[in-house]
Every structure is written in C-alpha cells, then in structure tokens.
Amino acid sequence: MAALLLRHTARQCLRSQLRPAFCYRNALPMGTTSKQEMDRYWEKNTRLNRPVSPHMTIYKWSLPMFMSITHRGTGIALSAGVSIFSLAALALPGDYASHLELVRSLHLGPALIYSAKFALAFPIMYHTWNGIRHLSWDLGKGFKNPEVYRSGYIVLVLTLLSAAGIASM
Ligand code: HEM
C-alpha cells in the first residue's frame with residue numbers, strides 16, 4: 001500500500017515537472033527517418049527514369065561476369081543432377097549394366113550419343129576448371145584484370161578440350 005502511494009505521488013510530481021511545454025522547449029527537431037530517405041531516393045529515381053543497379057543497361061556483359069554466373073548455374077545444375085541421378089539409381093529397377101543396355105538398344109546413333117555425352121561432360125568440366133580458378137583467387141592470386149581474362153580464356157579452352165575428350169571415350 002505504501003509502495004503504491006509512493007509511486008502515485010512520484011508520478012504526479014514528474015508530470016507536473018515535465019509539462020508538455022517543458023518537453024517541447026527541450027525537444028530536438030527530428031531528422032527524416034531512413035524509410036523516408038529511401039522513399040525519397042526511389043521516388044527521385046523513378047521520376048528521372050533512372051536505371052537502377054544491378055541493371056543490364058548499366059553493366060555491359062563481360063566475360064568474367066558471364067563466367068561467374070555460369071559457375072553458379074553449373075554448380076546448381078550439378079547438385080540437382082547428382083541428386084536426381086542418385087535417387088533414380090536407388091528407385092529404378094535393374095542395375096547400371098541393364099540401364100546401359102537399354103540406351104544401346106535405342107540405337108541413337110554416334111552423333112546423338114556424342115552430343116549427349118558432351119552436354120553432360122561440359123558443365124562438370126566447366127565447374128571443375130573454373131572451381132580451380134576460384135580456388136586460386138581464394139589464395140589471393142590472379143586478381144588483376146588481364147589475369148582474370150587470361151584465366152577465363154584458359155578455363156574455356158580446357159573445358160572444351162576435356163569435355164570433347166570425355167565425350168569421345
Ligand atoms: C558434383 C560436383 C560438384 C557440385 C554438385 C558442386 C556444386 C557447387 C555449388 C552449388 C556451388 C555454389 C555456387 C554459387 O552459389 O555460387 C559451388 C561453388 C563452388 N565450387 Fe563446386 N561443385 C562440384 C564440384 C566442384 C569441383 C570439382 C570444384 C573444384 C575443383 C568445385 C569448386 C567450387 C568452388 C571454388 C566454388 C565457390 C565459388 C565461389 O567462390 O563463389 N566444385 N559448387
């Protein structure tokens with residue numbers, strides 16, 4: 001009871017001290033909030049019809065950019081491919097030899113078989129060679145612009161050669 005009374009009295013005292021006029025006199029004017037700033041920024045960009053980053057009209061496609069997104073694409077494709085292949089191997093009846101025999105029995109022709117093998121080998125080889133390029137970057141090597149282009153061309157040549165070699169096996 002005493003505590004309640006004490007709290008009530010203290011609150012009344014504070015209220016009488018901190019009248020609105022007192023508060024206004026000492027309040028600092030608030031700046032704009034970050035949301036208002038962002039709204040203003042986007043509104044201005046829209047009004048001036050500015051392209052917004054990342055945007056195709058700002059960044060011209062370059063070899064390193066193309067190779068970077070392809071590394072991600074092949075990484076995702078390989079993950080999906082390995083998962084589907086493994087699940088299919090578990091779920092489908094028969095074994096590897098019988099599946100191979102089934103493909104042979106379709107008589108697809110050497111050009112089609114070669115193309116299919118090349119299409120499978122290409123993303124694996126690309127991701128492997130470009131992965132090695134990434135690992136050298138992780139070691140802090142090859143970051144200068146000419147080096148990035150040179151290593152990019154090397155990866156492309158190695159990918160084509162190794163994928164063609166594997167497809168011909
Ligand atoms: C079946 C085999 C593989 C699968 C499924 C796979 C999958 C992936 C995936 C999903 C990513 C992430 C891509 C991204 O979001 O940017 C990735 C990144 C990476 N992979 Fe692979 N990968 C495989 C083989 C390899 C091999 C053999 C190498 C190296 C010789 C390699 C090196 C790398 C590197 C260095 C990165 C990181 C790139 C970065 O820094 O952004 N990967 N991989």
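Structure data summary
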read-out: Zone of residue 111's modelled label, taken as backbone nitrogen in the stretch 134-167 under 20 Å from a point 7 Å along Cα→Cβ; value: 164-165, 167
read-out: Sulfur and carbon atoms: percent of accessible area, the stretch 80-167 [1.4 Å]; value: 77
read-out: Residue 35/residue 59 FRET efficiency (R0 35 Å; Cβ-Cβ; nearest 0.05); value: 0.80
read-out: Restricting the stretch 117-169 to trypsin sites (Lys or Arg not before Pro) in coil, as DSSP defines it, with at most 15 other Cβ within 10 Å; value: 141, 144
read-out: Per residue, in Å², the accessible surface of the stretch 80-167 once ligands and nucleic acids are set aside, probe 1.4 Å; value: 72
read-out: Chymotrypsin sites (Phe, Trp or Tyr not before Pro) restricted to the stretch 53-130 and DSSP loop, no more than 14 other C-beta within 10 Å; value: 59, 61
read-out: Sequence-distant lysines (8 or more away, or on other chains) whose Cα lies within less than 18 Å of residue 44; value: 35
read-out: Segment residue 141-residue 161, length gained on full extension (0.36 nm per residue, minus Cα span); value: 4.8 nm
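The values are calculated or read from the model by the stated rules, or taken from the named source; none is laboratory data. Since the structure is predicted, the reported quantities are computational estimates derived from the model, not experimental observations. In this analysis, Cβ positions are derived from the backbone assuming ideal geometry, glycine residues included, and neighbour counts consider all displayed protein chains. Side chains included, ligands, DNA and RNA excluded: accessible areas come from the protein's heavy atoms. Shrake-Rupley method; radii C 1.70, N 1.55, O 1.52, S 1.80 Å.
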